[in-house]
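The values are calculated or read from the model by the stated rules, or taken from the named source; none is laboratory data. Nothing here was measured: the structure is a model prediction, and the numbers come from that model. Backbone-built Cβ (ideal geometry, glycine too); neighbour counts: all protein chains shown. Side chains are part of the model used for accessible areas, which takes the heavy atoms of the whole protein and leaves out ligands, DNA and RNA. Shrake-Rupley method; radii C 1.70, N 1.55, O 1.52, S 1.80 Å.
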Amino acid sequence: AVSNRPLPCQQRAPSRLESMPDDILVHIFSYLGHGKIITTKEENNNSGAATTTTATTIDQEQLLDVKDACKVHTQIATLSRTLRRFCDDSNNLAQIFGLLNADFDKFGGERNTGGAFDCDVLPCIVWLCKYNLRLGLLNIHAEENELDFLTNLIRTAETSQIRHLEVILYNDRTCSSASLNFHRTCSGGRERRRQEVGDSVTTLKVFHDTIARECPNLSYLSVNGRLPAQRDLHENWKKESFSPTLFSMPRIRWMKLSLGFMHGNNNNTNNINDDLDVDHNMYNVFWENLPALERLDLGSPRTYDLCKRGMHVQSPTLKVLHVGRLPKWCWVSCKCPSLQRYICVGHPMGNGTRPNLTPEQWATYRDGDALYPRSMIGLDVPSSCECVMEGFSRRHYRELEWIVAMIGEAHAVAAAGAQHEHEH
């Protein structure tokens, strides 16, 4: 006779874990990693008046990587149907993981074999956008023709709590087919809706405006800064291609800027770009309206753009200025009344500035001695500001004469150009 009793697999009672309410499960699984915002108060005594400012930071060491969080989610969801239902709730995941560390460049593979969007990164980004999880840090290096994808990523993911954002674009590589396939799959309906309403292709200005709108709590920003290669195009560039909303955000304290120029079809391969015509004050547009900026790091991926060029930095709030990532022979003067530390590369192929010491002063100089502004060329900063020239040695004294002359020539050319522009 055939028995009507249920099979053993149908008699299994739900486990205690499966029978628990969602809030208890959230509490249990949250030990896996939960990034939080840390609020600190700082006392300022500027101008004799004591004031208290509140700063919010994120302990990056406590943030769970997106890649690890994605694996944890997958493993929990495969245990049972009940846990899969629990894991499919975006609110539950947001409470478990808190703020996530989306440092895609850390595990994105070599850029010459697929860029930041390789087979490890793409599933994590799809998962991140699907569940709309909160980010505390975003670091991604991509190709310039993937601006549409990056803009859609920032719009889709929950980025309002991001404090640390680094998005660097390169234009010397071709777009990977994997990222294009992902863009068609992940953006889906949103991309079709954008095409229906006739949105134009994303520009750097649109991308920067999107960052300013979607990431209002940034305290660290690392992006590209592009200027026109000719000074007569500067005003038109400010109106059409510059994002004043991004470069006036009130909470940015540290900014890393990768400077470059828009050359059009110029394929100059020389070490020095003789066609570049810019005013040494033009660069200030990127930081002059950042009221909380305390540290500025300047660099440039194109070695010939700023070679033998002068640059002037002016900021009332800046405390640290690091220009060591600029090309060789890019000379940087500054007027910063709050500056505490100026850092450049001091060997003959370096940048920044140099001390203009007398032979008597050189006779008593020892490698490693602290250098202060009274002996440095082009620095209008407090007398207590420390000048660090990495790689500088007393043996470079013989090369110093022509380097000092080169600095003076670069600033003289820049000043003459600025005067000519003012007269016209």
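Take every pair of alpha-carbon atoms less than 8 Å apart whose residues are at least six positions apart; their mean separation over the length of segment 216-265 yields a relative contact order of 63 percent.
Taking all protein chains together and a 1.4 Å probe, the residues K67, K106, K308, K130 rank K130, K106, K308, K67 from largest to smallest accessible area. Database remark: amide H of M262 closer than 5 angstrom to the amide H of L227, A229 (H placed geometrically; neighbours at sequence offset of 5 or more, or on other chains; Pro and chain starts carry no H). Computed from label points 7 Å out along Cα-Cβ, the spacing between A405 and S338 is 4.0 nm. Give me the net charge of V223's neighbourhood, meaning all other residues with Cβ under 13 Å from the Cβ of V223; Lys, Arg count +1, Asp, Glu -1. Here the count lands on -1. If a/c stays under 1.5 just call it rounded; otherwise compare a/b with b/c (prolate if a/b is bigger, oblate if not). Do that for segment 279-392, with a ≥ b ≥ c from the square roots of the Cα gyration tensor eigenvalues. Cα axes put segment 279-392 in the oblate bin. Using the Karplus relation 6.51 cos²θ - 1.76 cosθ + 1.60 with θ = phi - 60°, the per-residue 3J(HN,Hα) values for segment 90-105 come to 4, 5, 5, 5, 4, 6, 6, 8, x, 8, 9, 9, 9, 8, 5, 5 Hz, with x marking Gly and Pro.
In order along segment 225-239, the Karplus-derived 3J(HN,Hα) couplings, from 6.51 cos²θ - 1.76 cosθ + 1.60 at θ = phi - 60°, round to x, 10, 10, x, 6, 10, 5, 6, 9, 5, 5, 5, 4, 4, 7 Hz, and Gly and Pro are given as x. Legend: residue pairs K71/K205; K130/K319; K106/K130; K238/K308; K106/K308; K130/K239, Cα-Cα distance threshold 30 Å; pairs beyond threshold, K71/K205; K130/K319; K106/K308; K130/K239. Phi-derived couplings, Karplus 6.51 cos²θ - 1.76 cosθ + 1.60 at θ = phi - 60°, listed residue by residue for segment 252-257: 6, 9, 9, 10, 10, 10 Hz, with x used for Gly and Pro. Each label point was placed 7 Å from the Cα along the Cα-to-Cβ direction; for N132 and D89 their separation is 1.6 nm. Extending 7 Å from Cα along the Cβ direction at H234 and again at S80 yields two label points whose distance is 6.8 nm.
Net charge of the neighbourhood of L128, taken over other residues with C-beta under 11 Å away and scored Lys/Arg +1, Asp/Glu -1, is +2. Based on protein heavy atoms only, segment 302-393 ends up with 42 Å² per residue of surface accessible to a 1.4 Å probe. For segment 304-410, carbon and sulfur atoms together expose 49% of the accessible surface, with a 1.4 angstrom probe and every protein chain in place. The order of the peptides 80-88, 246-254 by mean Cβ neighbours within 10 Å, most packed first, is 246-254, 80-88.
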